[in-house]
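**Student:** Next up is a structure, given as structure tokens.
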Amino acid sequence: MDSELPGTLTVDNFEMRLADVSNAEISQLQSLSISVGWPHRAADWQHLLDIGKGYVALDEIGRVGASGMWFPHGEGFATFGMLITSPRLQTNGTARWLMKRIMADCGRNSIRLNSTREARRLYASLGFKPKQTVYQCQGTAIAPMSLAPLEEGLVLRRLDRGDLEAVIAFDTPAFGTERRLHLQRLFESSICFGLYHGERLRAFSMRRRFGRGHVVGPVVAGNDEDAITVTQPHIAAHADGFLRLDTHIDTGPFAALVQQCGLGIYATLTTMVTEGAASYGTGQNGSPRIYALASHSLG
């Protein structure tokens with residue numbers, strides 16, 4: 001830890017201390033996220049603990065009052081997430097204290113995060129710049145219309161571990177950096193589809209249990225049509241069930257599919273980055289683009 005940053009913080013009439021998030025009870029972490037209306041199950045927290053690092057703020061009797069995590073992607077880049085402060089601590093500097101600690105600890109100059117409206121001012125004061133809007137789309141899924149026949153030479157199929165290297169290579173220019181560890185972990189807990197043209201991967205998608213139901217993401221493709229092709233099977237599999245999809249896409253055929261299938265916009269967030277942080281791919285000229293995020297914390 002950076003010795004210039006305090007390990008304790010006096011809040012009102014009691015003192016908070018930092019502890020490694022991995023040492024906190026998952027039941028305490030889940031109670032914290034529930035206190036602010038976030039739907040994370042114990043298994044969702046465990047997924048994040050398996051691949052991320054961070055801190056919790058504990059009061060004098062060991063209760064978790066706040067959390068913050070970072071997720072490494074290679075040597076110089078990280079995403080931040082799970083910055084939560086319980087309602088009683090939201091106006092007294094706890095979030096800033098945690099953010100400064102994890103920024104000092106993660107050792108990455110390039111950082112990306114997805115901010116709620118309430119946290120944007122804090123992140124801006126720490127040097128983060130707004131880039132894109134994230135649309136959190138969710139609801140009871142409506143079965144999509146049948147897909148048009150695939151073009152000759154295209155094959156849509158379930159992916160397995162043998163496809164992982166192709167997925168990592170295809171994802172890297174879309175995400176902005178390689179996220180091998182995270183995709184490996186997602187493969188373990190997700191149902192995955194890929195669209196191939198011969199030996200070349202043209203799009204992929206994943207779906208896993210999360211929160212109130214299931215979440216679709218990441219979805220990566222070179223155009224809307226390919227993104228729709230790999231997303232429709234997930235929506236069809238959960239017709240009449242709760243489904244969520246987080247996307248930067250607000251116009252065009254893919255956005256229309258999401259809305260038509262019952263996944264209305266529930267909330268918006270803002271993708272923010274530090275100076276020089278890796279940017280998402282633009283999808284221009286058929287290059288891969290992120291159509292749906294893995295999660296707010298992982299991007």
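**Student:** 222 nm [θ] for the chain, helices only, -39500 (n - 2.57) per DSSP H run of 4+, per residue, to 500?
**Tutor:** Using -39500 (n - 2.57) per qualifying helix, the result is -8000 deg cm²/dmol.
**Student:** Divide the volume of the convex hull of the Cα atoms of the range 8-108 by its number of residues and quote the answer in cubic angstrom per residue.
**Tutor:** So the per-residue hull volume is 88 Å³.
**Student:** Here is a follow-up. Just need the relative contact order of the range 44-172 here, percent rounded to a whole number, with Cα pairs under 8 Å and 6+ apart.
**Tutor:** Computed value for the range 44-172: 16 percent relative contact order.
**Student:** Per 0.36 nm of contour for each residue apart, how much would the distance between L164 and D240 grow if the chain were fully extended, relative to their Cα-Cα spacing?
**Tutor:** 24.3 nm
**Student:** In addition: Using the Cα gyration tensor of the range 176-299, with a ≥ b ≥ c the square roots of its eigenvalues, what is the shape: rounded (a/c below 1.5), prolate (a/b larger than b/c) or oblate (neither)?
**Tutor:** rounded
**Student:** In which sequence would S27, S295, S110, S205 go, from the one with the fewest C-beta neighbours within 10 Å to the one with the most?
**Tutor:** With the fewest neighbours first, S27, S295, S110, S205 line up as S27, S110, S295, S205.
**Student:** Further question on the same structure: I want to verify a result. In a Gaussian network model of the chain, Cα cutoff 10 Å, which of these has the top mean-square fluctuation: P149, P87, P288?
**Tutor:** P149
**Student:** Next up: Treating cross-link reach as a plain straight distance, find the aspartates and glutamates whose alpha-carbon is under 17 Å from the alpha-carbon of K53, omitting any fewer than eight places away in the same chain.
**Tutor:** Partners found: D2, D20, E25, D44, E75, D105.
**Student:** Using the Kyte-Doolittle scale, find the helices of the chain whose mean hydropathy is at least -1.0 and whose Cα atoms extend 30 Å or more along the helix's long axis, counting only whole DSSP H runs.
**Tutor:** Span-like helices here: none at all.
**Student:** While we're on this one: Please build a GNM for the chain, connecting alpha carbons under 10 Å apart, and tell me which residue among S33, S125, S115 fluctuates the most.
**Tutor:** Highest fluctuation of the listed residues: S125.
**Student:** State, as an integer percentage, the relative contact order of the chain based on alpha-carbon contacts under 8 Å between residues 6 or more apart.
**Tutor:** Averaging sequence separation for qualifying contacts and normalising by length gives 22 percent for the chain.
**Student:** I'd like the GluC sites (Glu not before Pro) in the range 129-232 restricted to DSSP loop residues with at most 11 other Cβ atoms within 10 Å, sorted by number.
**Tutor:** E151, E152, E199
**Student:** Same structure, new question: What FRET efficiency do you get for E75 and D250 if R0 is 35 Å and r is their Cβ-Cβ distance, rounded to the nearest 0.05?
**Tutor:** 0.55
**Student:** For the range 12-132, what is the percent of antiparallel DSSP beta bridges, rounded to the nearest 5?
**Tutor:** The antiparallel proportion sits near 80 percent.
**Student:** Still on this structure, I have one more. Shape of the range 101-241 from its Cα gyration tensor (a ≥ b ≥ c, root eigenvalues): rounded if a/c is under 1.5, otherwise prolate when a/b > b/c, or oblate?
**Tutor:** Prolate is the answer for the range 101-241, as a/c is 1.5 or above and a/b outweighs b/c.
**Student:** Between the range 92-110 and the range 27-69, what's the alpha-carbon centroid distance in Å?
**Tutor:** About 16 Å separates the Cα centre of the range 92-110 from the one of the range 27-69.
**Student:** Then there is this: Evaluate E = 1/(1 + (r/R0)^6) for N109 and Q284, where r is the Cβ-Cβ distance and R0 equals 35 Å; express this FRET efficiency to the nearest 0.05.
**Tutor:** Computed FRET efficiency for N109 and Q284 comes out at 0.85.
**Student:** Distance between Cα centroids, the range 228-299 to the range 166-180: provide it in whole Å.
**Tutor:** Measuring centre to centre over Cα atoms gives 16 Å.
**Student:** With springs only between Cα atoms under 10 Å, which of L32, L147, L159 fluctuates most in a Gaussian network model of the chain?
**Tutor:** Result for the chain, Cα springs under 10 Å: L147 fluctuates most.
**Student:** Report the trypsin sites (Lys or Arg not before Pro) located in the range 143-247 that are in a DSSP loop and have at most 15 other Cβ atoms inside 10 Å of their Cβ, or state none.
**Tutor:** Of the trypsin sites (Lys or Arg not before Pro), the ones in loops of the range 143-247 whose Cβ has at most 15 other Cβ atoms within 10 Å are R212.
**Student:** Quick one: length gained pulling E225 to I142 fully straight, 0.36 nm per residue minus the C-alpha distance?
**Tutor:** 28.0 nm
No lab work stands behind these numbers, since they all come straight from the coordinates. Predicted model only: the values in this text are computed from it and were never measured. Cβ sites come from the backbone with ideal geometry, for glycine too, and all protein chains shown count toward neighbours.
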